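Since the structure comes first, as C-alpha cells, the remarks are kept for the end.
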Amino acid sequence: QVQLVESGGGLVQPGGSLRLSCAASGFIFSRYAMGWYRRGPGKQRERVALITSGGGTNYADSVKGRFTISRDNAKNSTYLQMNSLKLEDTSVYYCNPLSLANTAYVPLGHWGQGTQVTVSS
C-alpha cells in the first residue's frame with residue numbers, strides 16, 4: 001500500500017525559505033520518478049517539480065531558480081528546498097510517485113495529507 005507523508009511546511013515571510021520532506025513507502029521508491037505538486041486556494045493542483053529515477057529534474061516556470069528537488073533513495077524520501085518564497089507560493093504541497101505515459105509523467109494518485117506552506121508578511 002502506497003503511503004506518502006509530507007512534512008516541513010509552515011508560515012514564512014516573503015523571501016524566506018522552507019525545506020519540505022516526503023517519506024514514501026509501499027513501492028520500490030528508487031524505480032520511480034517523484035513529483036512535488038501544490039494546490040493553492042481556489043486553484044487547480046499543479047506540478048512544481050519532478051525528479052526522475054536517474055536524478056534528472058524539471059521545474060515549473062513559476063519556481064525555476066528558486067526551488068530545488070532532490071531525493072535520497074536510501075531513505076525512500078524526496079525533498080523540496082524552497083527559497084525566495086513569494087506570496088503566490090502559498091499552497092498545500094504534496095508529493096507523488098510518477099509514471100511515464102507516452103511522453104508525459106503523470107501522478108499515480110496515491111495522495112497524502114500534504115503540508116501547508118503559507119507565505120505572508
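The values are calculated or read from the model by the stated rules, or taken from the named source; none is laboratory data. Nothing here was measured: the structure is a model prediction, and the numbers come from that model. No Cβ is skipped: glycine too gets one built from the backbone with ideal geometry, and neighbour counts run over all protein chains shown. The area values use the complete protein model at the heavy-atom level, side chains included, leaving out ligands, DNA and RNA. Shrake-Rupley method; radii C 1.70, N 1.55, O 1.52, S 1.80 Å.
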query: Before we move on, is Arg39 at pLDDT 95 or above and more than 14 Å from the chain's Cα centre (by Cα)?
result: no
task: Quick one: Leu18 ticks every box in (1) in contact with a Lys or Arg (Cβ under 9 Å, 6 or more places away or on another chain); (2) surrounded by 17 or more Cβ atoms within 10 Å (Cβ to Cβ) except a single one, so which number is it?
output: (1)
- prompt: Among the residues of the range 16-36, which ones are over 23 Å from His110 (Cβ atoms) and under 15 Å from the mean Cα position of the chain (by Cα)?
  reply: Ser17, Leu18
- prompt: Which members of the range 52-76 meet the condition of being under 22 Å from Ser99 (Cβ atoms), in contact (Cβ under 8 Å) with a residue 24 or more places away in the chain and open to solvent by less than 30 Å² (accessible area, probe 1.4 Å)?
  reply: Ile69
query: If Tyr32 passes every condition in (1) open to solvent by 60 Å² or more (accessible area, probe 1.4 Å); (2) modelled with pLDDT of 95 or more; (3) in contact with a strand residue (DSSP E or B) (Cβ under 8 Å, 6 or more places away or on another chain); (4) under 24 Å from Gly15 (Cβ atoms) but one, which one does it miss?
result: (4)
- prompt: Restricting the search to the range 77-88, which residues are open to solvent by 10 Å² or more (accessible area, probe 1.4 Å) and not in a helix (DSSP H, G or I)?
  reply: Ser77, Tyr79, Gln81, Asn83, Ser84, Lys86
message: Looking only at the range 37-70, filter to residues that are of a type in the set (Lys, Arg) and not in a strand (DSSP E or B); which one of those is farthest from Gly109 (Cα to Cα)?
response: Arg66
